[in-house]
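The values are calculated or read from the model by the stated rules, or taken from the named source; none is laboratory data. Because the structure is predicted, anything quoted here is derived from the model rather than measured. Don't worry about glycine lacking a Cβ; one is built from the backbone with ideal geometry, like all the others, and counts go over all protein chains shown.
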Amino acid sequence: MLRTRRFYRLLGCGVLLVLLGVQGAVADAGFQRWVRGFKAEAVRAGISARLYDQVFQGMKPDPTVIPKASNQPEFTRAIWQYMDSAVSERRLADGHKALEEWERWLDRIEGQYGVSKHVVLAVWGMESAYGQIFGNQRLIKNTVQALATLAYEDPKRKDYARKQLIGALKILQNGDIELAQMRGSWAGAMGHTQFIPTTYLAYAVDATGDGKRDIWNSVPDALASTAAYLKTMGWESGKTWGYEVRLPKGFDYRLAGSKRKRSLAAWQKMGVRRANGWEFPRAQDQARLYLPAGAQGPAFLLLKNFDVIKRYNNADSYALAIGHLSDRLLGVEGFVQDWPRHLRPLSFSERKEIQSLLKKRGYYAGKIDGKLGAQSRAALRAYQIRRGEVSDGYASSLVLEQLRSAH
């Protein structure tokens, strides 16, 4: 009897292995069909058929790419968790070492492009831990393979991935880098400061004068390319990204989160002051108000350079991390107001639940998609006003509990 049971267990394992093998073969066959189909598009874009075949020979999808695409930290963590990681003591210490090692180049780059060397350094730190990420093969991807995987498997990113894949093939065809050295993130961002292929083609520069724009192996090329890109996107030389501020009692929180900008002088008239007590250096600079953790957390007035940083990564949390890291590397102290760490961050399903409950109670008329944008925040503010609370529109675990218990 025991031998019979063992036989069936072994048989079951064998069947499972066969099924997994069949599934893998089917998936691989599907990817190969996609590769053959995409070839015509690549050739129309000017890619050599011979190069295309060489690049894709024996290639399979990268199974780690799609899970990473679904778990971007700037969109899935509480803002204070993200900031703790982005501006950690380790990142600051490594940043000071990198500043000391590359200061001559950073000064030269700042002088040429007018972009703060500390901001360029912060981008390098955020994007590749000052190049240390290249020692972690678990994190570094073959750029073409990663983009092909996204184009094949990710419906939301397939158009982006196809465009960037063409760009990557053009870089290879131009001879800028070999395929084996074209390494980067799961999203196809490449090199020390993580340029996507089309951005590389348009903005990367040769700082060393060796005839190559090598953002993978040349730190000066990577840092200069970042400064050149930020300058082209509208960086205002000599100005900062924003200021931490204090809001007066009774402040109208409907002014937060709006894309409308006002002069710093206008904000001052409303009682808004810098958190460290200093004066604003240029009263006519235009700024918008940002409350990433609601009324209980730090408040910021954001200037144009903040939006320029977002051209690198279109997330307010990312740009805030770059700005804060650059300030800390410059020697500025941390934020005056602490984060409301007692508040638990909401999951995606809980964000959808908040929208559903607000809709049920007549405050919200938008989609139940878990994206708490302007319409969701306005609904939350209306709910908070009805309850006589501070109407900051911040979706916290406490608000969710209130909505669940409301009748």
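Scan segment 175-186 for residues that are of a type in the set (A, V, I, L, M, F, W, C) and either touching a strand residue (DSSP E or B) at 6+ places or on another chain (Cβ under 7 Å) or surrounded by 22 or more Cβ atoms within 10 Å (Cβ to Cβ) (or both) and jot them down. Within segment 175-186, Ile177, Met182, Trp186 qualify.
If you go through segment 227-236 and keep only what is more than 30 Å from Gly271 (Cα to Cα) and in a loop (DSSP other than H, G, I, E, B), you end up with just Met233. Taken over segment 325-352, the criterion of being acidic (Asp, Glu) and outside any loop (DSSP other than H, G, I, E, B) is satisfied by Asp327, Glu350.
Among the residues examined, Gln337 does not qualify as surrounded by 13 or more Cβ atoms within 10 Å (Cβ to Cβ) and over 27 Å from Asp84 (Cβ atoms).
Of all residues in segment 237-249, those satisfying the criterion of being closer than 13 Å to Leu302 by Cα, over 20 Å from the mean Cα position of the chain (by Cα) and in a loop (DSSP other than H, G, I, E, B) are Lys239, Thr240. When every residue of segment 311-324 is checked against the conditions, at least one turns out to be β-branched (Val, Ile, Thr), assigned to a helix (DSSP H, G or I) and out of contact with any His (no Cβ under 6 Å at 6 or more places or on another chain). Could we say that Ala98 is surrounded by 14 or more Cβ atoms within 10 Å (Cβ to Cβ), touching a residue at least 24 places away in the same chain (Cβ under 8 Å) and within 20 Å of the chain's Cα centre (by Cα) here? Here the answer is no, as Ala98 does not meet what is asked. Of the residues in segment 246-256, none is of a type outside the set (D, E, K, R), modelled with pLDDT of 95 or more and under 27 Å from Thr193 (Cα atoms). Annotation: Val115 fulfils all but one of (1) within 21 Å of Phe348 (Cβ to Cβ); (2) buried (at least 16 other Cβ atoms within 10 Å of the Cβ); the unmet one is (1). For Asp214, are the conditions met, namely being charged (D, E, K, R) and under 26 Å from the mean Cα position of the chain (by Cα)? It is true that Asp214 is charged (D, E, K, R) and under 26 Å from the mean Cα position of the chain (by Cα).
Taking into account only those residues within segment 250-272 that are surrounded by 12 or more Cβ atoms within 10 Å (Cβ to Cβ) and among the charged types (D, E, K, R), which is farthest from Leu302 (Cα to Cα)? Checked segment 250-272; the qualifying residue farthest from Leu302 (Cα to Cα) is Arg254. Exactly one residue out of Tyr383, Tyr364 is crowded, with 16+ Cβ neighbours inside 10 Å, part of a helix (DSSP H, G or I) and among the aromatic types (Phe, Trp, Tyr), and it is Tyr383.
The number of residues in segment 196-220 that are in contact with a strand residue (DSSP E or B) (Cβ under 7 Å, 6 or more places away or on another chain) and surrounded by fewer than 16 Cβ atoms within 10 Å (Cβ to Cβ) comes to 0.
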